[in-house]
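K.L.:
Could you have a look at this structure, given as structure tokens, before my questions?
The values are calculated or read from the model by the stated rules, or taken from the named source; none is laboratory data. None of these values were measured; they are calculated from a predicted model. All Cβ positions, even for glycine, are placed from backbone atoms using ideal geometry, and neighbour counts span all protein chains on display.
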């Protein structure tokens, strides 16, 4: 099932299931990191609204996405509080930094939109894959079910971002950029296996 999901998402390298075993030894850290991932996803959606207000369909979709991501943040935060833990400070996401540095910074405005949409699609795709690994390997049943549900949401977000990239850019060029980004991610993900981070 995981390999089928990987193929659907286009990802080149699966997460070692042993990562989930290590996650389970310190759930506090992964839940805190996950909460901030949801918060940053909401911020990304809002940023796209602010930067591209003339793109009505994008604005409507990102508005709905921001609400959904905040609701996910609230759900993860509730799990943290139920365990008598505290959210704590944001952790740096080195994986996301590497992905965001893949594309050049100086292109024109609409090209930058394509870059941002593809970057967001990839982050959602890897999150989807990691949530699948958690859902299949975490022994705590309520957390396993929680991550299974979120896996579906992340898959929808991946599709949403990639669809908008293809809508606002040349399909051939966008698909070429997407392939290059997937190849890049396949190389760097080997170095990201920190069980305290969603993206390692």
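K.L.:
Are any residues in region 188-200 in a helix (DSSP H, G or I) and free of Cβ contacts under 8 Å to residues at least 12 places away in the same chain, and if so, which ones?
P.N.:
Kept after step one, since they are in a helix (DSSP H, G or I), are these residues of region 188-200: 188-191.
Correct list: 191 only.
K.L.:
Considering only region 82-91, I want to know if a residue exists there that is buried (at least 16 other Cβ atoms within 10 Å of the Cβ) and more than 17 Å from the chain's Cα centre (by Cα).
P.N.:
no
K.L.:
Can you name the number of the only condition in (1) in a helix (DSSP H, G or I); (2) out of contact with any helix residue (DSSP H, G or I) (no Cβ under 8 Å at 6 or more places or on another chain) that residue 89 fails?
P.N.:
The failed condition is (1).
K.L.:
While we're here: Residues of region 146-176 being closer than 18 Å to residue 12 by Cβ and surrounded by fewer than 19 Cβ atoms within 10 Å (Cβ to Cβ), which ones?
P.N.:
Applying the first criterion (closer than 18 Å to residue 12 by Cβ) to region 146-176 yields 154-155, 158, 162, 175-176.
175, 176 - these are the residues of region 146-176 that are closer than 18 Å to residue 12 by Cβ and surrounded by fewer than 19 Cβ atoms within 10 Å (Cβ to Cβ).
K.L.:
Restricting to region 7-18, and then to whatever is surrounded by fewer than 18 Cβ atoms within 10 Å (Cβ to Cβ) and in a helix (DSSP H, G or I), can you tell me which residue is modelled with the highest pLDDT?
P.N.:
18
K.L.:
Check region 50-62 and report whether any residue there is assigned to a helix (DSSP H, G or I), modelled with pLDDT of 95 or more and either within 22 Å of residue 197 (Cα to Cα) or touching a strand residue (DSSP E or B) at 6+ places or on another chain (Cβ under 7 Å) (or both). Step through it out loud before you land on a result.
P.N.:
Of region 50-62, the ones assigned to a helix (DSSP H, G or I) are 50-51, 56-62.
If we keep only those that are modelled with pLDDT of 95 or more too, we end up with 50-51, 56-62.
Applying the additional criterion that residues be either within 22 Å of residue 197 (Cα to Cα) or touching a strand residue (DSSP E or B) at 6+ places or on another chain (Cβ under 7 Å) (or both) yields none.
No; the residues of region 50-62 include none that is assigned to a helix (DSSP H, G or I), modelled with pLDDT of 95 or more and either within 22 Å of residue 197 (Cα to Cα) or touching a strand residue (DSSP E or B) at 6+ places or on another chain (Cβ under 7 Å) (or both).
K.L.:
Could you please find all residues in region 183-198 being surrounded by fewer than 19 Cβ atoms within 10 Å (Cβ to Cβ) and under 28 Å from residue 110 (Cα atoms)?
P.N.:
Within region 183-198, 183, 184, 186, 187, 188 qualify.
K.L.:
What pairs can you find where one residue is in region 37-66 and more than 17 Å from residue 119 (Cα to Cα), the other is assigned to a helix (DSSP H, G or I), and their Cβ atoms are less than 6 Å apart, with a gap of 6+ or different chains?
P.N.:
Correct list of pairs: 59/49.
Residues checked against (1) at pLDDT 95 or above; (2) closer than 26 Å to residue 94 by Cβ; (3) touching a strand residue (DSSP E or B) at 6+ places or on another chain (Cβ under 6 Å):
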position	(1), (2), (3)
139	no, no, no
147	yes, yes, no
152	no, no, no
160	yes, yes, no
166	yes, no, no
171	yes, no, no
174	yes, no, no
178	yes, yes, no
196	no, yes, no
